[in-house]
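Novice: Next up is a structure, given as structure tokens.
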Amino acid sequence: CGWTWWNNPTPVLAAIVECADRGGRVLLARNAAWSGRLFALITGFMEAGETPEQGITREVLEETALQVDHLKLVGVYDFQRMNQLIIAYHAQAHGEVRLSPELAEYKLFEPQDLRCWRAGTGYALADWLRGRGHEPQFIDLPPQT
């Protein structure tokens with residue numbers, strides 16, 4: 001048919017949200033569509049016409065109602081299982097948490113209590129923890145079915 005399909009990775013934005021007005025604890029949230037009790041970084045897709053910084057600021061606001069005060073790039077990570085490229089930021093934010101319907105609940109963690117998984121955003125969190133003087137602890141997730 002003359003049509004070419006490129007299976008390029010999709011850019012996904014992620015934020016390690018540090019709540020400045022909650023003692024610097026980190027907000028992790030549980031997606032409403034997930035079974036189990038796994039909490040993760042705030043993530044979302046970039047939209048046309050926005051920079052990665054604008055996109056992650058928008059995602060944090062949409063999903064948590066928190067206002068981002070400062071962003072710093074943590075790094076870029078591949079997530080092969082989902083064919084995604086993760087662009088991860090440290091976001092210092094403030095405000096009252098009000099979750100979007102996409103998220104079921106949230107928890108605040110001291111940085112030293114965070115646990116990383118061995119893929120995508122887990123590696124971003126590990127790099128951020130190392131940068132703050134914490135040796136990351138990794139967990140193994142059950143196999144994907």
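Novice: So which residues in region 31-66 are farther than 12 Å from residue 104 by Cα and either charged (D, E, K, R) or in a strand (DSSP E or B) (or both)?
Specialist: 42, 43, 44, 45, 47, 50, 53, 58, 59, 62
Novice: Where the second residue is open to solvent by less than 10 Å² (accessible area, probe 1.4 Å) and the first is assigned to a helix (DSSP H, G or I) and lies in region 12-29, which pairs have Cβ atoms under 9 Å and are six or more apart or on separate chains?
Specialist: Pairs found: 20/93; 21/93.
Novice: Here's another thing I want to ask about it. Considering only region 1-30, state which residues are surrounded by fewer than 19 Cβ atoms within 10 Å (Cβ to Cβ) and under 18 Å from residue 104 (Cβ atoms).
Specialist: Listed by number, the list holds a single entry, 30.
Novice: Is region 98-121 home to any residue that is farther than 27 Å from residue 138 by Cβ, touching an Asp or Glu at 6+ places or on another chain (Cβ under 9 Å), assigned to a strand (DSSP E or B) and modelled with pLDDT of 95 or more?
Specialist: no
Novice: Checking the condition touching a helix residue (DSSP H, G or I) at 6+ places or on another chain (Cβ under 7 Å), farther than 17 Å from residue 126 by Cβ and open to solvent by 20 Å² or more (accessible area, probe 1.4 Å), which residue from 53, 105, 47, 96 passes?
Specialist: 47
The values are calculated or read from the model by the stated rules, or taken from the named source; none is laboratory data. The structure displayed is predicted, hence computed values, not measured ones. Note that we place each Cβ from the backbone using ideal geometry, even for glycine, and neighbour counts take in every protein chain shown. Quick note on the areas: whole protein, heavy atoms, side chains included, nothing else; ligands and nucleic acids left out. Shrake-Rupley method; radii C 1.70, N 1.55, O 1.52, S 1.80 Å.
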